[in-house]
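Working notes, structure below.
The values are calculated or read from the model by the stated rules, or taken from the named source; none is laboratory data. It should be emphasised that the depicted structure is a prediction, and the values quoted were computed from it without experimental measurement. Here the Cβ positions follow ideal geometry from the backbone for every residue, glycine too, while neighbour counts run over all protein chains shown. Keep in mind that these areas ignore ligands, DNA and RNA; they rest on the heavy atoms of the full protein, side chains included. Shrake-Rupley method; radii C 1.70, N 1.55, O 1.52, S 1.80 Å.
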Amino acid sequence: MSVKAPPTPGTATWYDLTTGRPDECRTFYGHLFGWTIPDSTGEHGGYVQIKQGGRNVAGFMPKDESMAGLPSTWTVYLASQDAHADAARIRDLGGQVLAEPMQVDQLGCMVVAADPTGAPFGLWQPLDFQGSELENEHGSMTWQEVLTRDAAKARAFYTDLFGLTGEPMPGPMTYHTLHAAPGTDAMAGIMQMDDAHWPESVPPHWMPYFAVNDVQAAVTTAAEHGGTVQVTPFDSPYGKIAILADPDGATFSVIQLS
């Protein structure tokens with residue numbers, strides 16, 4: 001099994017799901033990925049950690065009354081060395097801080113923000129808890145990208161916030177990858193949404209990708225357990241991809257890695 005190294009600033013370190021249909025989603029993701037999602041206690045607002053083979057892979061939080069009007073969604077968290085300083089930088093760079101820096105016991109400090117194009121994301125400054133303990137294996141995080149109507153603005157924001165570089169990828173669509181330094185592995189992507197592929201009703205958002213052993217089997221399982229197939233499997237240079245939604249409408253991607 002591949003265990004994640006401690007995260008460096010700007011890398012995706014954690015995903016979590018906020019849902020209004022926790023019982024249905026426990027069943028859905030249990031069948032889809034083989035996850036173990038414990039029942040919520042009252043601690044931390046009912047937030048629990050999802051396990052895959054005994055390792056933490058994501059977070060799970062039932063909505064409370066204050067969240068009733070918000071959509072169910074997956075949030076991508078990027079690693080921070082100083083959540084308070086990064087929150088101030090987000091404002092300076094034209095973004096919004098949606099939830100101020102909050103200490104979570106001795107686990108770490110979290111922030112929820114939106115970039116200047118409107119895409120929400122999280123920050124996680126780790127203390128005792130580094131984030132996901134698996135990657136690139138069935139049911140674990142493997143890639144993430146922000147889909148936006150203004151890729152140039154998003155690229156400027158994330159590169160300035162974390163001191164990254166952005167590199168264009170060849171192809172028919174406008175797509176950049178983010179890197180800690182030129183020539184290093186890509187940490188995330190930035191995709192330009194156009195009207196031909198994304199209706200105006202789709203807001204800017206971060207898309208998490210989970211690895212699966214068999215993408216067609218994942219599509220079938222999702223449909224059989226209350227999910228919907230947003231985009232049927234298609235080939236990419238990195239593997240076969242499908243876009244799914246869970247029973248409460250939270251969207252995510254699955255990829256059978258090449």
Practice item. Give the residue, chosen from P208, P204, P233, P247, that is in contact with a strand residue (DSSP E or B) (Cβ under 9 Å, 6 or more places away or on another chain), free of Cβ contacts under 8 Å to residues at least 40 places away in the same chain and open to solvent by less than 60 Å² (accessible area, probe 1.4 Å). Key: P233
Check your understanding: Among the residues of segment 185-200, is there at least one that is over 19 Å from the mean Cα position of the chain (by Cα) and either closer than 20 Å to T11 by Cβ or of a type in the set (S, T, Y) (or both)?
Key -> no
Review point. Can you name the condition, by its number, that T220 falls short on among (1) surrounded by fewer than 18 Cβ atoms within 10 Å (Cβ to Cβ); (2) in contact with a Lys or Arg (Cβ under 7 Å, 6 or more places away or on another chain)?
Key: (2)
Check your understanding: Is it fair to say G95 is small (G, A, S), surrounded by 18 or more Cβ atoms within 10 Å (Cβ to Cβ) and in contact with a helix residue (DSSP H, G or I) (Cβ under 9 Å, 6 or more places away or on another chain)?
Key -> yes
Practice item. Could you tell me which numbered condition F157 fails, if it satisfies all but one of (1) in a helix (DSSP H, G or I); (2) open to solvent by 40 Å² or more (accessible area, probe 1.4 Å)? Key: (2)
Revision key, fill the gap. For S40, the lone unmet condition from (1) small (G, A, S); (2) open to solvent by less than 70 Å² (accessible area, probe 1.4 Å); (3) in contact (Cβ under 8 Å) with a residue 24 or more places away in the chain is (3)
Practice item. Within segment 64-86, identify whether any single residue is under 23 Å from F210 (Cα atoms), in a loop (DSSP other than H, G, I, E, B) and open to solvent by 50 Å² or more (accessible area, probe 1.4 Å), and answer yes or no. Key: yes
Review point. Looking at segment 46-62, which of its residues are open to solvent by 50 Å² or more (accessible area, probe 1.4 Å) and not in a strand (DSSP E or B)?
Key: Y47, G53, G54
Point to revise | Meets criteria (assigned to a helix (DSSP H, G or I) and under 25 Å from S140 (Cα atoms)) for T221 | key: yes
Check your understanding: Which residues, taken from segment 115-137, are in contact with a helix residue (DSSP H, G or I) (Cβ under 8 Å, 6 or more places away or on another chain) and open to solvent by 60 Å² or more (accessible area, probe 1.4 Å)?
Key -> none
Practice item. Keeping to segment 170-201, report how many residues are open to solvent by 60 Å² or more (accessible area, probe 1.4 Å) and under 23 Å from G118 (Cβ atoms). Key: 8
Review point. Here are some conditions: (1) within 20 Å of the chain's Cα centre (by Cα); (2) under 24 Å from M110 (Cβ atoms); (3) surrounded by fewer than 18 Cβ atoms within 10 Å (Cβ to Cβ). G163 meets all but one. Which one does it not meet?
Key: (1)
